[in-house]
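Before any comments, here is the structure.
The values are calculated or read from the model by the stated rules, or taken from the named source; none is laboratory data. Because the structure is predicted, anything quoted here is derived from the model rather than measured. Every residue, glycine as well, gets a Cβ built from its backbone with ideal geometry; the counts of neighbours run over all protein chains shown. The area values use the complete protein model at the heavy-atom level, side chains included, leaving out ligands, DNA and RNA. Shrake-Rupley method; radii C 1.70, N 1.55, O 1.52, S 1.80 Å.
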Amino acid sequence: MLRHRFQSQRGSLITAAAVASAILAIITTGLLTYMTNEARLNYRSHYWNQSLHLAEAAVEAGVAEYNFQYTAGGSGFQGSRGWSGSSGTYTKTITITNGLNRVVGSALITVSNVGGANPQIDGVGTVTTATFGGNVARAVRVRLAQSSMFPVGIMSKNNINLNGNNMYSDSFDSSDVSKSTSGQYDAAKKQSNGDVATNSGVINSLSIGNADIYGVAYTGPGGSVTIGPNGSVGPTFVDANRATSVSAGTSNGWIRSDFNTDVPDVTLPSALSSAPSVPGGSINGNMSISGGDWKASSINLQGTKTLTITGNVRIYVTGDSSISGNGQIIVSAGASLQVYTAGNISLAGNGVSNSNRPQSNQWYGLSSTATASISGNGDFVGALYAPSAALSVSGNGAVQGAVVANSITFSGNANIHYDESLKTMYNSAGFLVASWQELRNSGGSWVP
């Protein structure tokens, strides 16, 4: 009887062990299946992200080819650099290998509408080492637009301080009779596109103070805006709809921190470096110039001294440019003036009288231009581009046009009326991304 009981207990133990082993096997199998699926999902997620990086790398390569080969030198999309195609559409494939010289991915670049106003670049990134589930591919499409010298009314590489008492920014369009009068600002036709922007990404990079920006305020990534107790921002003239706080401006999309545009140094036109000198070598007395390219050691108009421009004139000033007192430059009707100066710029007193559109009065500060100022009671009708200079705008007048500088300060009652037509003045930075869109694969083709 005792032996029979021991045998029964041993059988029960064997049965229990077998059941436990079966349960353990089921758990182990389930765990392995779960871990395998997790690994598969992790790999796929990893490859999914990698393929997007490759697609964007393809786009970046296309933009670089367009800007630094085709646009700058005219020798883009050559077969010697791996490009093929013709008639405005070109392709190139970049193969990615690892340390074992094994192919792990590829980036396919297709650039179309080359030479057109809005080139298009499609980038397809493919990861070819996807162990689980085969290859993974993603695609993006960007459209390019030429980079404007004056995309906004006030643009700075660094800080902007709007310290004026009644300062405001709005806009007009000198090319549109419904938005200007005789090509100049008319308060009855004003527009609310007086945007202000800085590339700076530091705290308090744009101080609106008590100014009113009838447009959008931009900073670079990481930058921030401050608004004083009487300041406001927004592309509307309806006071009740404007934002008077940073939080309200941000939620409405009127304060943004995604501004990033190239601000290249000024390149002196080659013809100006060898231009003849003006009579006397400098401009410091009454003078009239009817046209052509000229060189001057300085501009220094004081008292009642006047420079009159009666044709299309370009002047290279190797020193400083200064107007004060009752001195002035007059740009006659139908004439135009471009000044490239290596020294500092000070436009005070009667400044520059321009009865034409702002494009007829252009001032460029070379990389050696450290300071620039616009002051006085009259309007400066023109455009100033001095990316290395600290610019100050003061007085009771206004700027009709646009300004670009390294840093910008407005004070007094100075205002700015941005001429939206200046957006069509392009710089040497080439083309920038105007839109970005991820594509989907439909029947083997990448479509929006």
task: Considering each residue of region 383-394, count those that are small (G, A, S) and within 23 Å of Q359 (Cβ to Cβ), and give that number.
output: 4
task: Report whether or not L307 is assigned to a helix (DSSP H, G or I) and open to solvent by less than 30 Å² (accessible area, probe 1.4 Å).
output: no
message: Let me spell it out: the conditions are (1) open to solvent by 30 Å² or more (accessible area, probe 1.4 Å); (2) under 24 Å from the mean Cα position of the chain (by Cα), and F237 meets all of them except one. Which number is the exception?
response: (2)
query: So how many residues does region 80-129 have that are over 14 Å from L54 (Cα atoms), in contact with a helix residue (DSSP H, G or I) (Cβ under 9 Å, 6 or more places away or on another chain) and modelled with pLDDT under 95?
result: 4
Among (1) farther than 19 Å from I283 by Cα; (2) in a loop (DSSP other than H, G, I, E, B), the one test that L384 misses: (2)
message: Of the conditions (1) open to solvent by less than 40 Å² (accessible area, probe 1.4 Å); (2) without any contact (Cβ under 8 Å) to a residue 40 or more places away in the chain, V103 satisfies every one except a single condition; which number is it?
response: (1)
message: Given the condition more than 23 Å from G401 (Cβ to Cβ), of a type in the set (A, V, I, L, M), over 34 Å from the mean Cα position of the chain (by Cα) and in a loop (DSSP other than H, G, I, E, B), answer yes or no: does some residue in region 278-291 qualify?
response: yes
query: Residues of region 342-371 being of a type in the set (S, T, N, Q), open to solvent by 10 Å² or more (accessible area, probe 1.4 Å), within 22 Å of A271 (Cα to Cα) and part of a strand (DSSP E or B), which ones?
result: Q362
- prompt: Counting only residues that are open to solvent by less than 10 Å² (accessible area, probe 1.4 Å) and out of contact with any helix residue (DSSP H, G or I) (no Cβ under 8 Å at 6 or more places or on another chain), which one in region 399-416 is farthest from N204 (Cα to Cα)?
  reply: V399
task: Being under 22 Å from S388 (Cα atoms) and either open to solvent by 40 Å² or more (accessible area, probe 1.4 Å) or of a type in the set (F, W, Y) (or both) is the filter here, so list the residues in region 310-341 that pass it.
output: R314, Y316, T318, D320, Q338, Y340
field: Out of T250, T226, sole residue that is in a strand (DSSP E or B) and surrounded by fewer than 24 Cβ atoms within 10 Å (Cβ to Cβ)
entry: T226
- prompt: Is region 374-390 home to any residue that is modelled with pLDDT of 90 or more, open to solvent by 40 Å² or more (accessible area, probe 1.4 Å), β-branched (V, I, T) and in contact with a strand residue (DSSP E or B) (Cβ under 6 Å, 6 or more places away or on another chain)?
  reply: no
Those residues of region 322-340 which are of a type in the set (G, A, S) and under 15 Å from G376 (Cβ atoms), in sequence order: S322, S324, G325, G327
message: Can you pull out every residue in region 387-433 that is touching a Lys or Arg at 6+ places or on another chain (Cβ under 7 Å) and closer than 28 Å to Y70 by Cα?
response: P387
- line: Filter region 159-214 for residues that are of a type in the set (F, W, Y) and open to solvent by less than 40 Å² (accessible area, probe 1.4 Å); the one that is farthest from G378 (Cα to Cα) is Y214
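Condition check ((1) in a strand (DSSP E or B); (2) farther than 19 Å from H417 by Cβ) across all residues:
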| position | (1), (2) |
| --- | --- |
| N193 | no, no |
| A197 | yes, no |
| S200 | no, yes |
| I208 | yes, no |
| G215 | no, no |
| G222 | no, yes |
| N230 | no, yes |
| F237 | no, no |
| A240 | no, yes |
field: Residue list for region 107-158, restricted to those being crowded, with 20+ Cβ neighbours inside 10 Å and among the aromatic types (F, W, Y)
entry: F150
query: So which residues in region 132-183 are in a loop (DSSP other than H, G, I, E, B) and either closer than 28 Å to K92 by Cβ or within 14 Å of the chain's Cα centre (by Cα) (or both), if there are any at all?
result: G133, G134, N135, M149, F150, P151, V152, G153, K157, N158
